[in-house]
Amino acid sequence: LLSIDGQVRISSNPELEGINLAALEEINGEAYVSTNHKLESFNIDSLVEINGAFEFTHNEGLKDFAAPSLVEVTNQLYINNNYQLEDIQLPALQTVSNSININNNSELETINLDSLQDAGGYFEFRSNYRVELFSLPLLESVDGVFQLEDNTDLLEFLAPSLTHIGTKLEIRRSYDLHTIDFSSIECVSDFVIEDHSLSDDDYYALLTALTS
């Protein structure tokens, strides 16, 4: 099975332990994988493109989520409320045409979005308590609100290529956050930055970058 035309929904299967779609390369429709409480393996290693939304939520048994070949999602990407998830690997993903929502993955420690260049809507990264480093080395544009909140173990947030935030920047309640790299940012018209551990000099430099 190389391609699916139409919606994919794998939801509310209380005994499901594994999903193997290793040969699948394209989904032309929405894809929902949710509320599969015993899910321990999910293989979409060959998937390159989702022409629609992709939502992966409430799969409490899975510890590792990887889509190593995925390049584009043409609607929103949600990875939420997967309470045992420790690692997210999306190393080839370049474009999400709508919003990105990665929230409430309370055991998440590592995330790879190293190729991501553009988020066409808002970008939320909230309540991923155990992540210490969040790096988006190639991200250039977020067209909506960029929200980074309640990541209590976060130490470093690096987005050195980011130039454009369309609506608002919000960084809150990441109390140990001591490094923010927005070295390419252009003026942001609306922002809130509070509850962090930036030095006075680094905070002043960040404010200067955001307002110049």
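Quick notes
- Subset of the stretch 185-212 that is part of a loop (DSSP other than H, G, I, E, B), touching a residue at least 24 places away in the same chain (Cβ under 8 Å) and not small (Gly, Ala, Ser) - its residue that is surrounded by the fewest Cβ atoms within 10 Å (Cβ to Cβ): 187
- Hey, residue 182 buried (at least 18 other Cβ atoms within 10 Å of the Cβ), in contact with a Phe, Trp or Tyr (Cβ under 7 Å, 6 or more places away or on another chain) and not aliphatic (A, V, I, L, M) or not: no
- Test: residue in the stretch 25-39 that is under 16 Å from residue 101 (Cβ atoms), touching a residue at least 12 places away in the same chain (Cβ under 8 Å) and of a type in the set (Asp, Glu): yes
- Scope the stretch 168-191; condition β-branched (Val, Ile, Thr), closer than 20 Å to residue 144 by Cβ and under 20 Å from the mean Cα position of the chain (by Cα); matching residues: 171, 180, 185
- Counting only strands (runs of 3 or more DSSP E) that fall entirely inside the stretch 5-124 and contain at least 3 residues that are open to solvent by less than 40 Å² (accessible area, probe 1.4 Å), the qualifying elements are 8-11, 31-34, 54-57, 77-80, 100-103.
- Subset of the stretch 74-111 (residues that are within 9 Å of the chain's Cα centre (by Cα) and polar (S, T, N, Q)): 101, 103
The values are calculated or read from the model by the stated rules, or taken from the named source; none is laboratory data. Model, not experiment: these values are computed from the prediction. Cβ sites come from the backbone with ideal geometry, for glycine too, and all protein chains shown count toward neighbours. The protein model used for the area step is the full one, side chains on, heavy atoms only, and it has no ligands, DNA or RNA in it. Shrake-Rupley method; radii C 1.70, N 1.55, O 1.52, S 1.80 Å.
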